[in-house]
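What follows draws every value from the coordinates through simple rules; no lab data is involved. Note that the structure is predicted; figures quoted are calculated from it, not measured. Virtual Cβ from ideal backbone geometry, glycine too; neighbours counted across all protein chains shown.
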């Protein structure tokens with residue numbers, strides 16, 4: 001599956017169409033394998049519409065959603081097209097789909113992000129795929145909001161953290177391998193570099209104004 005130059009928030013709620021041309025549902029969540037410092041996207045979780053999701057939220061029916069393996073995704077555009085029909089899809093309750101080391105994005109977004117000294121700096125608000133299909137974390141929270149405000153950056157700019165900034169990832173914490181001070185300094189340096197590259201007043205039509213990347217594209221990292 002290629003998600004180049006896309007965020008999870010841009011894929012969520014897209015209709016999912018199987019190989020027979022039938023609508024299966026909508027993309028509702030992602031399931032990741034969670035390694036020592038690596039996130040490995042395993043499945044797309046498919047919801048069955050707003051009424052069904054409401055019934056699940058009030059526990060009026062079991063939360064059993066179909067999931068799609070990455071290798072079964074044919075393409076992503078306005079809709080997500082599958083290579084297989086809906087009858088072959090696994091469910092969230094099937095063995096191995098939600099293993100102990102796996103985590104959904106909805107739960108990942110609640111995990112605190114701390115610096116190398118254990119100081120909380122924010123949380124994950126999105127996932128972004130670069131042109132090489134490498135995943136970057138989009139971070140948010142009070143620290144980053146205050147930092148971007150001080151830099152006079154656009155309020156809706158995405159703060160992107162590359163995989164090699166990650167020391168460990170588990171269900172309770174995402175630890176960076178740099179300190180809060182280093183993170184702040186890197187953010188300021190990269191924003192000043194972006195300003196020099198674009199050489200134009202804000203707001204700007206250049207798409208690069210929507211992103212602030214804390215580092216260069218990694219050669220490897222998140223799967």
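Rounded to a whole number, what is D in µm²/s for segment 67-135 from Stokes-Einstein with the Kirkwood radius over alpha-carbon pairs (20 °C, 1.002 mPa s)? Numbers along the way, then the final one.
Working: Rh = 15.2 Å.
D, rounded to a whole number, is 141 µm²/s.
Relative contact order for segment 109-213: what percent, with Cα pairs under 8 Å and sequence separation of 6 or more? Could you put the intermediate results ahead of the total?
Numbers: 158 pairs, mean separation 29.0, N = 105.
Relative contact order for segment 109-213 comes out at 28 percent.
Residues 136, 30 in ascending order of nearby Cβ atoms (within 10 Å, fewest first): 30, 136.
Looking at segment 107-191 from every direction and averaging, what is the projected area of its Cα convex hull in nm²? All intermediate terms of the calculation are to be shown ahead of the outcome.
On the way: hull surface 22.0 nm².
That works out to 5.5 nm².
Gain on full extension, evaluated as 0.36 nm per residue between residue 83 and residue 5 minus their Cα-Cα distance, stands at 25.9 nm. Beyond 21 Å, the tail of the calculated P(r) for segment 6-107 holds 32 percent of the Cα pairs.
Ranking 181, 123, 32 by Cβ neighbours within 10 Å, fewest first, what do you get?
On the way: 181 12, 123 17, 32 23.
Fewest-to-most Cβ neighbours within 10 Å comes out as 181, 123, 32.
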